[in-house]
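Nothing in this text is a laboratory measurement; each read-out follows from the coordinates by a stated rule. Because the structure is predicted, anything quoted here is derived from the model rather than measured.
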Amino acid sequence: MAVAKPRVAVIMGSTSDWPTMKACSETLERFGVPHESKVSSAHRTPAMTAEYISSAEGRGIRVIIAAAGGAAHLAGVCAAHTVLPVLGVPMPSVLDGIDSLLSTVQMPGGIPVGTLAIGKAGAKNAALLAIAILATSDESLRGALKDFRAEQEAKIRSATLG
Ligand code: RP5
């Protein structure tokens, strides 16, 4: 059977981001969205990052999720190299991720990055937002998102406190 071409690229600045970004990959998997996860840094491997992102559209990628911590320039650099939507996830850091958040969110007008919350919630929501973007032209994904929301609601409605 042919392997489906990845539609979402998840890129992160370091292997140390993976324990957080696993939540992103797991969410994409849960919805059956073919994706690839890669370590590449805006600062340590600038040429590889530029090459990877510049070639993404041609390889069938439709959304990019970029995670970095500290002086977190990765999402912005990705956005500079593509017109695909780029979602930024600020990683926890020695400054509690505030540095990562501000570095990711404060883009100059003209090069947008959609920035999510710091850490695992942001990682999960980046996947859900990528899925919602794909779902604008994919009815079955739209249905899957509605089922997911219904499941979430049912859990809260039936919650009991010990
Ligand atoms: C960033 O620096 C990475 O995204 C990571 O969040 C942070 C620390 O990287 P390591 O020193 O753990 O490789 O570029």
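Using θ = phi - 60° in the Karplus curve 6.51 cos²θ - 1.76 cosθ + 1.60, the 3J(HN,Hα) couplings for the stretch 94-107 round to 5, 9, 6, x, 5, 4, 4, 4, 5, 5, 7, 7, 8, 7 Hz; x is entered for Gly and Pro. Residues whose amide H lies under 5 Å from that of Ile65, counting only those 5 or more places away or on a different chain, are Ala9, Val10, Ile11, Leu87; hydrogens are built 1.01 Å from N in the peptide plane.
A simple rule links phi to the HN-Hα coupling: the Karplus curve 6.51 cos²θ - 1.76 cosθ + 1.60 with θ = phi - 60°, which for the stretch 37-42 gives 10, 8, 9, 7, 10, 5 Hz, with x for Gly and Pro. Largest GNM mean-square fluctuation among Ile53, Ile118, Ile133, using the chain with Cα springs under 10 Å: Ile133.
Students often get this wrong, so check it: of Lys120/Lys155; Lys5/Lys120; Lys5/Lys38; Lys38/Lys124, which have C-alpha atoms separated by over 24 Å? In this structure, Lys5/Lys120 lie more than 24 Å apart at Cα. Helix content alone sets the calculated 222 nm mean residue ellipticity of the chain: runs of n ≥ 4 DSSP H residues at -39500 (n - 2.57) each, divided across all residues, give -14000 deg cm²/dmol. Working note: Karplus 6.51/-1.76/1.60 with θ = phi - 60° gives the stretch 109-123 the couplings x, x, 10, x, 10, x, 9, 9, 5, 5, x, 4, 4, x, 4 Hz, where Gly and Pro are set to x.
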